[in-house]
Amino acid sequence: EAGVTQFPSHSVIEKGQTVTLRCDPISGHDNLYWYRRVMGKEIKFLLHFVKESKQDESGMPNNRFLAERTGGTYSTLKVQPAELEDSGVYFCASSQGSSPAGGFGETQYFGPGTRLLVL
Amino acid sequence: QQQVKQSPQSLIVQKGGISIINCAYENTAFDYFPWYQQFPGKGPALLIAIRPDVSEKKEGRFTISFNKSAKQFSLHIMDSQPGDSATYFCAASMVQNFNKFYFGSGTKLNVKP
């Protein structure tokens, strides 16, 4: 079974430019998440899709960030215009979408991340 | 404000030794505490998880110890091996929004042969 894939693996852009990150979740996973890790800091939640709907976007930093999930399959995260502080590793994760089994948390499967550097 | 605090930032352990990574939280609504392991070039992967109704969970060489009153939990890696060298993240979520994980800042573990 293919895991979560992300494209590109690396991106170097100049301040003010636009970058679009793509995530393909595990097939059949309704839940899709975006996270970001700024160097040396914690992995921070950005938002959560259930199928094509945004369930929780409380972690999105500002309106320069736009996430979409077309048809409930792959997702894109666009940063426009990019700022220096947007540099970091952007992770996508997916999960199956059921309530926690026996009240336990649901496993999230992470992609390898996109390393974004804004100069 | 960081919800889950993790220490140490980095850790060097000899092969065969015990690796211990600590995490602390303030929000008593947290009720699920997973640990994720990340190898270079890969995404984090679930290693082991615990809920606060038990004080310890063991899976092979990996053990989570949980202290509800102190709001702390830790990962112990027994008989550490060079293949365990990775970055470890603790995390927490709450039943009201179990999909939203709050991660620690990570611990880079290096197990020397």
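Within the option set B:V111, B:V4, being of a type outside the set (F, W, Y), closer than 30 Å to A:K54 by Cβ and touching an Asp or Glu at 6+ places or on another chain (Cβ under 9 Å) holds for one residue only, B:V4. Within region B:91-113, the only residue that satisfies the criterion of being over 17 Å from A:E106 (Cβ atoms) and surrounded by 24 or more Cβ atoms within 10 Å (Cβ to Cβ) is B:G104. Taken over region B:1-48, the criterion of being among the hydroxyl-bearing types (S, T, Y) and more than 18 Å from B:A92 (Cα to Cα) is satisfied by B:S10, B:S19.
When A:Q55 is tested against the conditions (1) more than 14 Å from chain B (Cβ to nearest Cβ); (2) surrounded by 15 or more Cβ atoms within 10 Å (Cβ to Cβ); (3) not aromatic (F, W, Y), the lone failure is (1).
Only residues that are on the phi > 0 side of the Ramachandran plot and either surrounded by 12 or more Cβ atoms within 10 Å (Cβ to Cβ) or of a type in the set (V, I, T) (or both) were counted in region B:17-61, giving 0. Of all residues in region A:1-37, exactly one satisfies the criterion of being away from chain B (no Cβ under 14 Å), under 14 Å from the mean Cα position of the chain (by Cα) and among the polar types (S, T, N, Q), namely A:T20.
Go through region A:5-62 residue by residue and tally those that are among the charged types (D, E, K, R), part of a loop (DSSP other than H, G, I, E, B) and out of contact with any Asp or Glu (no Cβ under 7 Å at 6 or more places or on another chain). Number satisfying all stated conditions: 6. Could you tell me which of the residues B:Q6, B:Q37, B:Q2 is under 19 Å from A:R37 (Cα atoms) and in contact with a helix residue (DSSP H, G or I) (Cβ under 9 Å, 6 or more places away or on another chain)? Residue meeting the stated conditions: B:Q37. Please go through region B:1-10 and give me each residue that is part of a strand (DSSP E or B) and more than 15 Å from B:I50 (Cβ to Cβ), ordered by number. Correct list: B:K5, B:Q6, B:S7, B:S10.
Taking the stated definitions as given, is B:I64 surrounded by 18 or more Cβ atoms within 10 Å (Cβ to Cβ) and either on the phi < 0 side of the Ramachandran plot or not small (G, A, S) (or both)? Against the criterion (surrounded by 18 or more Cβ atoms within 10 Å (Cβ to Cβ) and either on the phi < 0 side of the Ramachandran plot or not small (G, A, S) (or both)), B:I64 qualifies.
Can you tell me which residue among B:P40, B:P52 is within 30 Å of A:Q55 (Cα to Cα) and within 13 Å of chain A (Cβ to nearest Cβ)? Of B:P40, B:P52, the one residue that is within 30 Å of A:Q55 (Cα to Cα) and within 13 Å of chain A (Cβ to nearest Cβ) is B:P52.
The rows are residues; the columns are (1) away from chain B (no Cβ under 14 Å); (2) at pLDDT below 90; (3) buried (at least 20 other Cβ atoms within 10 Å of the Cβ).
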{"site": "A:N62", "(1), (2), (3)": "yes, no, no"}
{"site": "A:T70", "(1), (2), (3)": "yes, yes, no"}
{"site": "A:E85", "(1), (2), (3)": "yes, no, no"}
{"site": "A:V89", "(1), (2), (3)": "no, no, no"}
{"site": "A:C92", "(1), (2), (3)": "no, no, yes"}
{"site": "A:S98", "(1), (2), (3)": "no, yes, no"}
{"site": "A:Q108", "(1), (2), (3)": "no, no, yes"}
{"site": "A:G111", "(1), (2), (3)": "no, no, yes"}
{"site": "A:L119", "(1), (2), (3)": "yes, no, no"}
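The values are calculated or read from the model by the stated rules, or taken from the named source; none is laboratory data. No experiment lies behind these values; they were computed from the predicted model shown. A quick note on method: Cβ atoms are made from the backbone with ideal geometry, for glycine too, and the neighbour counts reach across all protein chains shown.
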